[in-house]
Amino acid sequence: MLKIIVAILIVILLITTTIGLHAKIERKVTNWLELSRLFYFLLLTASIVHAFLHFKSQFLSDILWIIFLIIIYMLMETAFRLKRETFGNPHLTILLFIFLVLALGISCWWI
């Protein structure tokens, strides 16, 4: 059940991040950033719950997954900041998209 929730949260995060980084109006970029943050923290909460449930058996992989999610969060915040201040960075947007798709693949295998 947790695997399905994590996969759905990553897909929603992928959609909200992509729409937000392609928005033309700064207000819409900010609104999509807030939604992306909400779904990111739900994803992080589900990952921490998984870490507590499988503390003894998958501790190292859970810690690596949480570190990977923190890296995704830093990329997401940087991409949205650049989008709001300038016209954005297309290379960073593509890198964030690749990391989110990679996270979706890892989450289907990991949990």
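The values are calculated or read from the model by the stated rules, or taken from the named source; none is laboratory data. Owing to the predicted nature of the structure, the values given are computational and were not obtained by experimental measurement. Heads up, the Cβs are rebuilt from the backbone with ideal geometry, glycines too, and the neighbour counts pull from every protein chain shown. Protein only, heavy atoms only, side chains kept; ligands, DNA and RNA dropped before computing areas. Shrake-Rupley method; radii C 1.70, N 1.55, O 1.52, S 1.80 Å.
Remarks
- Among the residues making up region 54-70, those that are assigned to a helix (DSSP H, G or I) and either free of Cβ contacts under 8 Å to residues at least 24 places away in the same chain or under 9 Å from the mean Cα position of the chain (by Cα) (or both) are F59, L60, D62, I63, L64, I66, I67, L69, I70.
- Residue ID - nearest to L13 (Cα to Cα), chosen from residues in region 46-67 that are aromatic (F, W, Y) and open to solvent by 30 Å² or more (accessible area, probe 1.4 Å): F52
- Conditions (1) buried (at least 19 other Cβ atoms within 10 Å of the Cβ); (2) among the aliphatic types (A, V, I, L, M); (3) at pLDDT 90 or above: number failed by V6: (3)
- Flag for L43 being on the phi < 0 side of the Ramachandran plot, open to solvent by 80 Å² or more (accessible area, probe 1.4 Å) and assigned to a helix (DSSP H, G or I): no
- Count of region 1-19 residues which are in contact (Cβ under 8 Å) with a residue 60 or more places away in the chain and under 13 Å from the mean Cα position of the chain (by Cα): 8
- Subset of region 74-95 [of a type outside the set (F, W, Y), closer than 17 Å to L38 by Cβ and in contact (Cβ under 8 Å) with a residue 40 or more places away in the chain]: M76, A79
- Selected residue (criterion: least open to solvent (accessible area, probe 1.4 Å)) from residues of region 74-98 that are over 14 Å from L14 (Cβ atoms) and among the hydroxyl-bearing types (S, T, Y): T78
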